[in-house]
Structures are given as structure tokens and as C-alpha cells.
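These notes are about the structure you will find just below.
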Amino acid sequence: MASNFRIPSKNNVIASDLPATGAGSQPGDPVVTGDLVGANLWGTGQGQGVPAGSTYGMVALDGVIVTEVELDAAVTENQAVYISAGNELSDDDAGTLFGYTDEPSAAGTVRIGVRISNAVGA
């Protein structure tokens, strides 16, 4: 079970086509699946109700995770964070909106809180 939540999720779904290895496959990793973004709760193919050895996983759709983010510039609280197709987080708006910073930070590869957002129309 993911242990990097600052604020636990309340809404979770079983998702398919998650990465079996690498970024997005481990508990607590940020993921994008279809139109949804979130954090992999158990790891791919693991956890209660998830078929072992599959590309299915339980994904948290909200909450605040503390995770690694690549920042090109310093950020303040509530700035947009995006996820790439490779499940990497950054402030580069070329990806899909993942959520918002939960704290200020300097530029670089940093470990900060990110509030997951699955807002309709975002």
C-alpha cells in the first residue's frame, strides 16, 4: 500500500493498462490512465481485488501525495503539475494536468506534496 500520502484518498478505482514495470508500477507512483490521473495504491497486479500478474491496479483519484517532481522554475503553493505519458511529473504543460503543488519549492528535481486533481473539464 502506498505510504507517501500527506492527505489520504477518498476515491479509488481499479484501472487497466497500468505499467507493469518502471514509472507508475509501484505503490505511490503517479499514473495516467485514459482520462484519469492518480497514484497507484498497491502496485500493478497486486492488492485486494486486483488480479495478480496483470496490468490492473487500484488508483487513488484524489488526496495529496509526496513525490518527485521536475521543476523548471521555483513554484508556490497551488501551481499546476503535469504528468507525461511516461508517468513523470513536471511543471511542463505539455503533459496532462495531474494536480497542484501543496507547498512552495525551488527549481530542480524535488520531492514535494502534490494535490491530485480529476476535476471535470480541467
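The values are calculated or read from the model by the stated rules, or taken from the named source; none is laboratory data. Here the structure is a predicted model, which means the values were calculated and not measured. We place every Cβ from the backbone using ideal geometry, glycine too, and count neighbours over all the protein chains shown.
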**Message:** Checking the condition under 21 Å from G22 (Cα atoms), outside the structural domain of D17 (by TED's automatic domain parsing) and of a type in the set (S, T, Y), which residue from Y82, Y100 passes?
**Reply:** Y82
**Request:** Among the candidates N78, N118, single out the residue that is assigned to a loop (DSSP other than H, G, I, E, B) and closer than 12 Å to G38 by Cα.
**Result:** N118
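Using the structure shown, decide if S25 is surrounded by 15 or more Cβ atoms within 10 Å (Cβ to Cβ), outside the structural domain of T101 (by TED's automatic domain parsing), more than 14 Å from I112 (Cβ to Cβ) and touching a residue at least 60 places away in the same chain (Cβ under 8 Å).
Details: surrounded by 15 or more Cβ atoms within 10 Å (Cβ to Cβ): yes; outside the structural domain of T101 (by TED's automatic domain parsing): yes; more than 14 Å from I112 (Cβ to Cβ): yes; touching a residue at least 60 places away in the same chain (Cβ under 8 Å): no.
So S25 fails the test.
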**Residues located in the stretch 66-88, provided they are closer than 20 Å to N118 by Cβ, exposed (fewer than 13 other Cβ atoms within 10 Å of the Cβ) and out of contact with any Phe, Trp or Tyr (no Cβ under 6 Å at 6 or more places or on another chain)** = A85, G86
**Message:** Among the numbered criteria (1) among the small types (G, A, S); (2) in a loop (DSSP other than H, G, I, E, B); (3) modelled with pLDDT of 95 or more; (4) crowded, with 20+ Cβ neighbours inside 10 Å, which one does G38 miss?
**Reply:** (2)
**Top-ranked residue of the stretch 70-94 - restricted to ones that are charged (D, E, K, R) and in contact with a Leu (Cβ under 8 Å, 6 or more places away or on another chain), ranked as farthest from V110 (Cα to Cα)** = D91
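Select from the stretch 43-62 the residues that are under 16 Å from the mean Cα position of the chain (by Cα) and either surrounded by fewer than 22 Cβ atoms within 10 Å (Cβ to Cβ) or assigned to a strand (DSSP E or B) (or both) and list them in ascending order. Steps first, please.
Here is the first cut: in the stretch 43-62, the residues under 16 Å from the mean Cα position of the chain (by Cα) are 43-44, 56-62.
Of everything in the stretch 43-62, those that are under 16 Å from the mean Cα position of the chain (by Cα) and either surrounded by fewer than 22 Cβ atoms within 10 Å (Cβ to Cβ) or assigned to a strand (DSSP E or B) (or both) turn out to be G43, Y56, G57, M58, V59, A60, L61, D62.
Identify the residue in the stretch 1-22 that is among the polar types (S, T, N, Q) and not in a strand (DSSP E or B) and, among all such residues, is farthest from S117 (Cα to Cα). Steps first, answer last, please.
We begin by selecting, within the stretch 1-22, every residue among the polar types (S, T, N, Q); these are 3-4, 9, 11-12, 16, 21.
Add one more test, that the residue is not in a strand (DSSP E or B), and what stays is 3-4, 9, 11, 16, 21.
Details: S3: 19, N4: 17, S9: 11, N11: 11, S16: 19, T21: 24 Å.
Looking at residues that are among the polar types (S, T, N, Q) and not in a strand (DSSP E or B), I get T21.
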**Asked** Somewhere in the stretch 23-33, is a residue farther than 20 Å from V69 by Cβ, in contact with a strand residue (DSSP E or B) (Cβ under 8 Å, 6 or more places away or on another chain) and outside any strand (DSSP E or B)?
**Response** no
